[in-house]
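To start, the structure under review is shown below, and the notes come after it.
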Amino acid sequence: MIRYIIRRIIYLIPLFLGILIIVFVASRIAGDPVRLMTVQNPHITAESRQALSEYYGLDKPLYYQFFLFLAELFQGNLGNSYALRGGTAVTTLIGDYAWLTFELQISALILSLLIAIPIGIMSAKKQYSKLDVSVTTTSLLGTCIPVFYMGIIAIIIFAYFLGWVPAGGAHSILAERYPFGSYALDGLWHLALPAAVLTFATLAPVVLLVRSSMLEVLRQDYILAAKASGLSDRSVVYKHALRNALIPVVTYVGLYFGGMLAGAPVTETVFNWPGVGRLFVEATTKLDFPVIMGITVFITIMTLIANLITDITYGYIDPRIRLE
Amino acid sequence: MKKIKLVKPKPPVRREKNRSKGVSQWNIAWRRFKKNKAALAGALIIGFVLFLAAFDALIAPYPPNATPGFYIGEARVAPSLKYLFGTDYVGHDVFSQVVYGARSALYVGFGSAAIAMSIAVLVGLISGYYGGFVDNILMRTTEIFLVIPFLLILLVFLKVITAVVPSGVGGLSIVMIMIGLFSWAGNARIIRGEVLRVKESEFIEASKALGASKRRIVFRHIFPNVLHTIIVLTTLMIATAILVEAAVSFLGFGDPAAITWGQQLQKANEAVKEAWWEGVFPGLFITLLVLGFSLLGNGLRDALDPRLRE
């Protein structure tokens, strides 16, 4: 098992390097980093430009700069922002914003799995019934609605017409606005709408996946054997079929999580949610490359870890997969 | 001695007239497709949007980017008979803008899908057929593109290109090309899998035994047998590309000179409280068009896959 994990990790290194190279190339196409760095300072002299360029090793060849970047990265140093909060360290910035992103994405992921699995099972158990048709139709529609459109509609209905929840942000500005004066409840109150919308958006593909996987398992011979030996429907579905039906779902959870993190700029922009996604949009608009690279590295690492966990779980729950 | 009478054999009866004409694979697929109401609905939606895009100048009551409501105090008025979908913050007629947006959506959808699928087919065929070292290199590259936080990289590249290239060059085409270049990986992998499956068939073996060249096997024997997968993936890719373009425009990284539904949603997002109609209608059209391509793709999958045939 440990050998397998180590092999998977070694396998991820070239992937990670490839992604770093792509972002690095983008950052250098954008233009001279010194110019981007000093865009807000009109008084900068040619000498200080030169000094900055030497300080950051920008006068060296490109491959050398890349290794410099790598060396800094492995020491946990992602540089300082060009434009945000007066040049704060990128790691501090990400640290400040990442928690809110996780709060939103993970709550949506867990909620959608909790809802999607039972719905998918019910739908598969009664294939082509009215319930099944309406579930598959709604799910298909759910995969076609852009998440930001869903967000805008939800804001119009629940925040403005009904006034149940705030339209955006992660916390009320004034402490008097906290429900029952509690900071934690205020956070939950703000989380409700974004989490609900993201849950619904994630729900649709998972329902379709659980359904099709369950249908396939229910067609297997051993299910027929279980039924023939007189086991109740409930026991056949939940004890025998479900375990095998969930295997592909587990594989997809890792992929979905990566996709959700990469989609964070969109979800967080709609709900004005102060997470890394919105930070990324802000940094990109200002061509603030240390922050851009930092967030890309951060999200890539998270995605790779999610994939790794998926791989390991997959090998663990499916005895057909050999871990060598 | 009896003379043997030579009987002239009867000419064979020409049966061609009576024989029922052979049904081609495409004929079978079409018959199955016709029965699928959801797929037909999808085709109908796409036809409707194509119609809007083709005759946009005739359908839209106002010219592109015209602000009929601006000077007469009719900015941000609710939908009425005069303005079918209302007007936005500077008095654009939302209905006209939605109609003009159809062309952008289809342009990016078809264009990006064409680019992405060309790469995917090439990578899939080569990787699947040749295997070995080539396959290894191509598949590792594919994996990088699969794990890459696609949207993030796309935004950075779009921003960088618009910063480097002088304004007015490319615009929507740049968005289209970038989406295409970054979204082929998943499809390449699926096509490779299909190629691997077909490669093991006996008819490929037979063709090899007859001395067919590798190129002939790949293009004359394998390609037609994975074509149905390619058609389905292309249809679904169009849907994805339309969604991605909308997201990119929504975040403000699209082409500011083009009229797109995503951009209309971005503007609307700033004022959902005052004017719900600004966002609801463009978004409805994105959803509709994406739904159309998804339904068509699913229908084509059911119709074209020979394994699903009874």
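The values are calculated or read from the model by the stated rules, or taken from the named source; none is laboratory data. Every value quoted in this text rests on a predicted model; they were computed, and no experiment measured them. As a convention, Cβ positions derive from the backbone with ideal geometry for all residues, glycine included, and neighbour counts pool all protein chains shown.
Just the residues that are surrounded by fewer than 17 Cβ atoms within 10 Å (Cβ to Cβ) and within 11 Å of another protein chain (Cβ to nearest Cβ), please, taken from the stretch B:157-180.
B:ALA163, B:VAL164, B:VAL165, listed by residue number.
Looking at B:LEU152, B:LEU84, B:LEU125, B:LEU52, can you tell me which residue is within 30 Å of A:THR284 (Cβ to Cβ) and among the hydrophobic types (A, V, I, L, M, F, W, C)?
After applying the criteria, what remains is B:LEU152.
Anything in the stretch A:212-225 that is closer than 27 Å to A:VAL133 by Cβ and either assigned to a helix (DSSP H, G or I) or of a type in the set (S, T, N, Q) (or both)? List them, or say none.
Let us first name the residues in the stretch A:212-225 that are closer than 27 Å to A:VAL133 by Cβ, namely A:212-220, A:223-224.
Answer for the stretch A:212-225, where residues must be closer than 27 Å to A:VAL133 by Cβ and either assigned to a helix (DSSP H, G or I) or of a type in the set (S, T, N, Q) (or both): A:SER212, A:SER213, A:MET214, A:LEU215, A:GLU216, A:VAL217, A:LEU218, A:GLN220, A:ILE223, A:LEU224.
Is at least one residue of the stretch A:292-311 among the hydroxyl-bearing types (Ser, Thr, Tyr), more than 10 Å from chain B (Cβ to nearest Cβ), in a helix (DSSP H, G or I) and surrounded by fewer than 21 Cβ atoms within 10 Å (Cβ to Cβ)?
As a first pass, look at the stretch A:292-311 and keep what is among the hydroxyl-bearing types (Ser, Thr, Tyr): A:296, A:300, A:303, A:310.
Remaining after also requiring more than 10 Å from chain B (Cβ to nearest Cβ): A:310.
Of the ones still in play, those that are also in a helix (DSSP H, G or I) are A:310.
Subset that is surrounded by fewer than 21 Cβ atoms within 10 Å (Cβ to Cβ): A:310.
Yes: one or more hits.
For the stretch B:53-82, give me the residue count where each residue is farther than 14 Å from B:GLN97 by Cβ and surrounded by 15 or more Cβ atoms within 10 Å (Cβ to Cβ). It would help to see each step written out before you state the result.
From the stretch B:53-82, those farther than 14 Å from B:GLN97 by Cβ are B:54-55, B:58, B:71-74, B:77-78, B:80-82; that's our starting set.
Among the residues that remain, those that are also surrounded by 15 or more Cβ atoms within 10 Å (Cβ to Cβ) are: B:74, B:77.
Result for the stretch B:53-82: 2.
Would you mind finding the one in A:LEU242, A:LEU193, A:LEU208, A:LEU255 that is in contact (Cβ under 8 Å) with a residue 40 or more places away in the chain and more than 24 Å from A:LEU141 (Cβ to Cβ)?
A:LEU242
Out of all the residues in the stretch B:272-287, which are charged (D, E, K, R) and either at positive phi or touching a Lys or Arg at 6+ places or on another chain (Cβ under 8 Å) (or both)? Quick ask: steps written out before the conclusion?
First pass over the stretch B:272-287, keeping only residues charged (D, E, K, R): B:273-274, B:278.
Result: B:GLU274, B:GLU278.
Residues that are touching a Phe, Trp or Tyr at 6+ places or on another chain (Cβ under 8 Å) and of a type in the set (A, V, I, L, M, F, W, C): does the stretch A:39-49 have at least one?
Scanning the stretch A:39-49, I find at least one residue that is touching a Phe, Trp or Tyr at 6+ places or on another chain (Cβ under 8 Å) and of a type in the set (A, V, I, L, M, F, W, C), so the answer is yes.
How about the stretch A:8-53: which of its residues are of a type in the set (D, E, K, R), modelled with pLDDT of 75 or more and surrounded by 12 or more Cβ atoms within 10 Å (Cβ to Cβ)? Show your work before the answer.
As a first pass, look at the stretch A:8-53 and keep what is of a type in the set (D, E, K, R): A:8, A:28, A:32, A:35, A:47, A:49.
If we keep only those that are modelled with pLDDT of 75 or more as well, we get A:8, A:28, A:47, A:49.
Hits for the stretch A:8-53 are A:ARG8, A:ARG28, A:ARG49.
Can you tell me which residue in the stretch A:213-235 is nearest to the chain's Cα centre (by Cα), limited to those that are closer than 24 Å to A:GLY315 by Cα and buried (at least 16 other Cβ atoms within 10 Å of the Cβ)? Before you say what the answer is, go through the steps one by one.
So the first thing to find is which residues in the stretch A:213-235 are closer than 24 Å to A:GLY315 by Cα, and the list is A:213-223.
Within this subset, residues satisfying the condition of being buried (at least 16 other Cβ atoms within 10 Å of the Cβ) are A:213-215, A:217-218, A:223.
Values: A:SER213: 24, A:MET214: 26, A:LEU215: 29, A:VAL217: 29, A:LEU218: 32, A:ILE223: 36 Å.
By that ranking, first place goes to A:SER213.
From the list A:GLY275, A:GLY254, A:GLY315, which residue is at pLDDT below 80 and within 14 Å of another protein chain (Cβ to nearest Cβ)?
A:GLY254
Could you look through the stretch B:122-151, keep only residues that are part of a helix (DSSP H, G or I) and facing chain A (nearest Cβ under 8 Å), and pick out the one that is farthest from A:ASP288 (Cα to Cα)?
B:ARG140
Criterion first (within 14 Å of chain A (Cβ to nearest Cβ) and buried (at least 21 other Cβ atoms within 10 Å of the Cβ)) does B:LEU154 satisfy it? Can you show your working first?
Values: within 14 Å of chain A (Cβ to nearest Cβ): yes; buried (at least 21 other Cβ atoms within 10 Å of the Cβ): yes.
Considered against the rule, which asks whether it is within 14 Å of chain A (Cβ to nearest Cβ) and buried (at least 21 other Cβ atoms within 10 Å of the Cβ), B:LEU154 comes out as yes.
Please determine whether any residue of the stretch A:23-42 is away from every other protein chain (no Cβ under 14 Å) and more than 18 Å from A:VAL90 (Cβ to Cβ).
yes
Going through the stretch A:106-164 one residue at a time, which ones are part of a helix (DSSP H, G or I), under 25 Å from A:MET302 (Cβ atoms) and at the interface with another protein chain (Cβ under 9 Å from one of its Cβ atoms)? Working first, answer last.
Initially, the stretch A:106-164 is screened for residues part of a helix (DSSP H, G or I), giving A:106-125, A:130-144, A:147-161.
Adding the requirement that they be under 25 Å from A:MET302 (Cβ atoms) leaves A:106-117, A:142-143, A:147-148, A:150-151.
Listed by number, the residues that qualify are A:THR143, A:VAL147, A:PHE148, A:MET150, A:GLY151.
Among the residues of the stretch A:198-209, are any more than 14 Å from chain B (Cβ to nearest Cβ), out of contact with any strand residue (DSSP E or B) (no Cβ under 9 Å at 6 or more places or on another chain) and farther than 30 Å from B:PRO282 by Cα?
Within the stretch A:198-209, none of the residues are more than 14 Å from chain B (Cβ to nearest Cβ), out of contact with any strand residue (DSSP E or B) (no Cβ under 9 Å at 6 or more places or on another chain) and farther than 30 Å from B:PRO282 by Cα.
So which residues in the stretch B:1-52 are among the charged types (D, E, K, R), surrounded by 11 or more Cβ atoms within 10 Å (Cβ to Cβ) and either at pLDDT below 75 or within 18 Å of B:THR235 (Cα to Cα) (or both), if there are any at all?
B:ARG32, B:LYS34
Show the residue pairs meeting these rules: Cβ distance below 7 Å; 6+ apart or different chains; first residue within the stretch A:62-76 and hydroxyl-bearing (Ser, Thr, Tyr); second residue surrounded by 10 or more Cβ atoms within 10 Å (Cβ to Cβ).
A:TYR64/A:GLY57
For the stretch B:249-263, enumerate the residues that are within 11 Å of chain A (Cβ to nearest Cβ) and either in a helix (DSSP H, G or I) or in contact (Cβ under 8 Å) with a residue 40 or more places away in the chain (or both).
To start, the set of residues in the stretch B:249-263 that are within 11 Å of chain A (Cβ to nearest Cβ) comprises B:249-253, B:261-262.
Of everything in the stretch B:249-263, those that are within 11 Å of chain A (Cβ to nearest Cβ) and either in a helix (DSSP H, G or I) or in contact (Cβ under 8 Å) with a residue 40 or more places away in the chain (or both) turn out to be B:SER249, B:PHE250, B:LEU251, B:PHE253, B:TRP261, B:GLY262.
In the stretch B:42-60, what residues are among the aliphatic types (A, V, I, L, M), touching a Phe, Trp or Tyr at 6+ places or on another chain (Cβ under 9 Å), assigned to a helix (DSSP H, G or I) and touching a residue at least 12 places away in the same chain (Cβ under 8 Å)?
Here is the first cut: in the stretch B:42-60, the ones among the aliphatic types (A, V, I, L, M) are B:43-46, B:49-50, B:52-54, B:57-60.
From the residues that got through so far, the ones that are touching a Phe, Trp or Tyr at 6+ places or on another chain (Cβ under 9 Å) too are B:43, B:45-46, B:49, B:52-53, B:57, B:59-60.
After this cut, where a residue has to be assigned to a helix (DSSP H, G or I) as well, the list is B:43, B:45-46, B:49, B:52-53, B:57, B:59.
Once the filter is applied, which keeps residues that are among the aliphatic types (A, V, I, L, M), touching a Phe, Trp or Tyr at 6+ places or on another chain (Cβ under 9 Å), assigned to a helix (DSSP H, G or I) and touching a residue at least 12 places away in the same chain (Cβ under 8 Å), the stretch B:42-60 yields B:ALA43, B:ILE45, B:ILE46, B:VAL49, B:LEU52, B:ALA53, B:ILE59.
Does B:MET117 count as under 14 Å from the mean Cα position of the chain (by Cα), buried (at least 17 other Cβ atoms within 10 Å of the Cβ) and either over 30 Å from B:ARG215 (Cβ atoms) or within 13 Å of another protein chain (Cβ to nearest Cβ) (or both)?
Values: under 14 Å from the mean Cα position of the chain (by Cα): yes; buried (at least 17 other Cβ atoms within 10 Å of the Cβ): yes; either over 30 Å from B:ARG215 (Cβ atoms) or within 13 Å of another protein chain (Cβ to nearest Cβ) (or both): no.
Judged against the criteria, B:MET117 is not a match.
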